[in-house]
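The values are calculated or read from the model by the stated rules, or taken from the named source; none is laboratory data. Here the structure is a predicted model, which is why all the values come from computation and not from measurement. A quick note on method: Cβ atoms are made from the backbone with ideal geometry, for glycine too, and the neighbour counts reach across all protein chains shown. Remember, those area values only see protein heavy atoms, side chains included, never the ligands or the DNA or RNA. Shrake-Rupley method; radii C 1.70, N 1.55, O 1.52, S 1.80 Å.
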Amino acid sequence: MPTEPLSQKEIEDRLRELPGWSQEGDRIARTYRLGTHFAATAMVVHVAQIQEELNHHSDLTLGYNTVNLTVNTHDAGGAITEKDFTLASRVEGIAPSHGAN
C-alpha cells in the first residue's frame with residue numbers, strides 16, 4: 001500500500017519540530033556544517049546506514065565541510081510523507097555526534 005502524502009499544514013507542523021529543515025518545493029531539506037571534510041564524510045556514511053535501515057533514501061551531497069540532504073517519497077509520487085520526517089528525525093539524532101550544526 002502506498003504511503004499517503006502529507007497536507008501542507010501537516011508538513012508545516014512537522015517542520016516546526018525540526019529546526020534547520022525547510023520545504024523546498026516537493027522536498028524537505030537541510031544543510032549541515034561540520035568542522036572538517038573527514039567529519040562530513042563520516043556523517044554521510046552514518047546517514048547512508050540509516051537510509052538502508054529505513055529503506056528510504058535521500059539525495060545526499062557531500063561538500064568540503066557540508067552535508068546536504070533533500071528528500072521526498074517516490075512511492076507517493078514524489079510527495080512529502082511521514083517517511084521523510086522519520087528519516088529527517090533520525091538524521092537530527094546523529095548529527096550532534098558528528099559535530100554538525
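When the Karplus curve 6.51 cos²θ - 1.76 cosθ + 1.60 is applied with θ = phi - 60°, which whole-Hz ³J(HN,Hα) does each residue of segment 92-98 get, with x for Gly and Pro?
So the J values, rounded to whole Hz, are 4, x, 9, 4, x, 5, 9.
When the Debye formula is applied to the Cα atoms of the chain, each taken as the same point scatterer, what base-10 log of I(q)/I(0) results at q = 0.10, 0.13, 0.23 Å⁻¹?
Ignoring solvent entirely, the Cα scatterers give -0.25, -0.42, -1.21.
Consider a paramagnetic label point 7 Å from the Cα of LEU62 along Cα→Cβ; state which residues of segment 14-49 have an amide N under 19 Å from it.
Only 30-49 pass the distance filter.
State in Å² the accessible area per residue of the chain; use a 1.4 Å probe, count heavy atoms of protein chains only, and round to the nearest integer.
55 Å²
From the helices alone, meaning DSSP H stretches of at least four residues, give me the mean residue ellipticity at 222 nm for the chain, per-run term -39500 (n - 2.57), in deg cm²/dmol to the nearest 500.
-12500 deg cm²/dmol, from helical runs alone.
Which order, highest average first, do 14-20, 64-70 follow once you tally other Cβ atoms within 10 Å for each residue and take the mean per peptide?
64-70, 14-20
Please compute the length gained on full extension between THR36 and GLU82, using 0.36 nm multiplied by the number of residues separating them and subtracting their Cα-Cα distance.
Stretched fully, the THR36-GLU82 segment lengthens by 13.4 nm.
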